[in-house]
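Structure first, then comments.
Every number in this text was worked out from the coordinates using simple rules, so none of it is lab data. The shown structure was predicted, so the numbers you read here are calculated from the model rather than taken from an experiment.
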Amino acid sequence: MFQFAPIACRIAATLIVLTSVAGPSVAASVQTTPSPADQKLLSDFTKRTKDYIAKEHALTADKMKPTTDVAKLEQERKQLRDAVQLSRPNAKQGEFFTPDTATIFRKVLANLLNGPEGAKIRTSLRHAEPGASAQFKVNAEFPNQDGQPIQSIPPTVLEVLPALPKGLEYCIAGNALALRDSNANLVVDYLPNALP
């Protein structure tokens with residue numbers, strides 16, 4: 001589970017490696033530990049994601065059985081999606097990516113993409129599996145064109161974002177960052193203009 005201290009440690013370790021390998025100018029371009037106020041906002045974000053998964057696990061439709069039958073899997077996924085949608089009738093954009101949290105995510109992603117690895121990350125995103133439409137709607141099915149593979153997020157991006165509980169994942173489409181419920185294939189929230 002996400003604890004901000006390990007991410008801070010990974011950032012510090014990255015800075016040490018960058019300083020020793022590439023010199024202090026590269027390390028200076030990488031953001032160090034977030035301020036206490038930013039840490040609090042990111043901790044609140046993590047708490048909201050954990051609460052979401054806990055509520056989903058309390059739903060009777062969450063008891064999906066492992067199967068190799070694609071039709072049965074899609075039926076169970078739809079039942080779970082319907083149950084989640086009913087449990088969150090007033091869900092709206094910005095519920096997880098609040099304005100203050102959105103600012104932090106945009107800052108972290110801008111620092112990463114404008115840093116020394118930015119060009120490689122952008123290339124990776126352009127050459128990854130086809131992405132979903134950036135036309136996200138909160139509490140609706142994730143728009144991955146009839147089960148098309150969902151673009152994976154490069155590990156270098158995941159390293160700078162708060163870890164998510166099992167069942168949630170980040171997805172990028174265009175310059176938007178979505179929070180996807182992978183069990184229900186549902187858009188939990190999204191952050192427009194997340195990438196510079």
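What is the distance in Å between the Cα centroid of the range 41-92 and that of the range 162-189? Here the answer is 12 Å between Cα centres. The orientation-averaged shadow of the Cα convex hull for the range 35-191, equal to a quarter of the hull surface, comes to 9.5 nm².
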